[in-house]
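The values are calculated or read from the model by the stated rules, or taken from the named source; none is laboratory data. The model shown is predicted, which means the values in this text are computed figures rather than measured ones. With ideal geometry, Cβ positions are generated from the backbone for all residues, glycine too; neighbour counts draw on all protein chains shown. The accessibility values were calculated without ligands, DNA or RNA, using every heavy atom of the protein model including side chains. Shrake-Rupley method; radii C 1.70, N 1.55, O 1.52, S 1.80 Å.
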Amino acid sequence: MSNSYGEWFREQRLAAGLTQQELADAAVMTRSHIAHIEAGRRIPSKEDARRLDEALNTGNVLSSFLPDSDVAVADYFEAARLLEQQAVFIREFALSYVPGILQTEAYARAVLGTSFPPMGEEERDKLIVTRLERGKILNDPLTPAVWALLDEAVLRRAVGGPEVMAAQISHMVRLVETERVRVHVMPLTLGFHPLMDGMLTLMSFEDQPPVAYGEGLRMGKVHDSLPVVQELQGRYDLALSDALPLKESLALLRATAKDYGNHD
C-alpha cells in the first residue's frame, strides 16, 4: 500500500512531541504496532485509528482516511489479511475447502472460478494472485507456525476434479513432511463437533493480543474481544482433541491423494 498515510501519521506524532512509546501508551497500543503503521506495513483498525486521532488531537482524520487496499480480497476479509501477515502462530479450521494459505494455484482457480454473479477473467486472476501471495508467508521456514484442522469433507469434495485434488493434497503432504505445517483431519465418522458452524482462523502475535476470524456466506468478522477469542480457542482445542493424530492424518492425506491420482 502507499505509505503516504504512514508518513503523515509519523509527522503528526512528531508535531505532537511524542515518542512512539508515548503515543502507544496514550492510545493503548504497542510501540511496535505504531512502528508498523508508520512504516506502511500495517493499516490501523477503525478502533485503533479512533484512539490515535484522540491521542494526537487530529479530529477524525486518521479514522476518515484509512487507505484503501489495492489487493483483491473481499471487503470483509481485508482486516484479517493484514493480521495474517503479522501473525506468529496461525491455527486454521476448514469445514468445506482447503484454507487459502495452503491452496495451490489450480485449486484456488477452481474455488474462485465458480461464482454468482459471474466475474470477469481479469477480476478472477487478481483474486487468485492475492490468494497465492498470502501463501508466501510459508516461505519463511519457521514463522508463522501453522496448524490446519480439516474436516474430512475438505478431502472428499473433489474441487476442480481428481487431478487438481491429487496435486492439492500432495502439496499439503509435502508441507507436513517438511514439518512446516501440522495438519489434523476430523473424520466424518466423528459426527457433530464444536466447529461445525463455519470456518475459523486463530491468530497470535508478538506484540498484541490474539484474535479470531470467522467466516460464512458473504460475511466475515475479526473478533478481538478476549472472552470471545478464548471461547473460540476452547472450541478449537476441543475439536482438535477429537481429530486424528498427525501421523494418522498424514497417512489419510497420502491415501486420498493416491486415490485421486488413480481416478480414471
*Residues of region 224-250 that turn out to be loosely packed, with under 14 Cβ neighbours inside 10 Å, assigned to a helix (DSSP H, G or I) and among the small types (Gly, Ala, Ser), as a count*: 2
*Residue check, residue 221 against (1) in contact with a strand residue (DSSP E or B) (Cβ under 8 Å, 6 or more places away or on another chain); (2) of a type outside the set (Gly, Ala, Ser); (3) assigned to a helix (DSSP H, G or I); (4) open to solvent by 50 Å² or more (accessible area, probe 1.4 Å), all met but one. Which one?*
(3)
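Give the number of residues within region 150-185 that are part of a strand (DSSP E or B) and open to solvent by less than 50 Å² (accessible area, probe 1.4 Å). Outline the logic, then answer.
The first filter runs over region 150-185 and keeps only residues part of a strand (DSSP E or B), leaving 150-151, 181-185.
Those left that are additionally open to solvent by less than 50 Å² (accessible area, probe 1.4 Å): 150-151, 181, 183-185.
Within region 150-185, residues that are part of a strand (DSSP E or B) and open to solvent by less than 50 Å² (accessible area, probe 1.4 Å) number 6.
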*Breaking point among (1) in contact (Cβ under 8 Å) with a residue 60 or more places away in the chain; (2) open to solvent by 50 Å² or more (accessible area, probe 1.4 Å); (3) of a type outside the set (Asp, Glu), for residue 188*: (1)
*Hits in region 124-144 (condition: crowded, with 17+ Cβ neighbours inside 10 Å and touching a Phe, Trp or Tyr at 6+ places or on another chain (Cβ under 9 Å))*: 144
*Please enumerate the residues belonging to region 1-24 that are surrounded by 15 or more Cβ atoms within 10 Å (Cβ to Cβ) and not hydrophobic (A, V, I, L, M, F, W, C).*
3, 5, 6, 10, 12, 13, 20, 22
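Only helices (runs of 4 or more DSSP H) wholly contained in region 1-107 count here; list those with 1 or more residues that are touching a helix residue (DSSP H, G or I) at 6+ places or on another chain (Cβ under 9 Å), among the acidic types (Asp, Glu) and modelled with pLDDT of 90 or more. Write out each step before concluding.
On the way: elements: 4-15, 20-26, 31-38, 46-56, 61-64, 78-86.
It comes to 20-26, 46-56.
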*Filter region 108-123 for residues that are of a type outside the set (D, E, K, R) and assigned to a helix (DSSP H, G or I); which is surrounded by the fewest Cβ atoms within 10 Å (Cβ to Cβ)?*
113
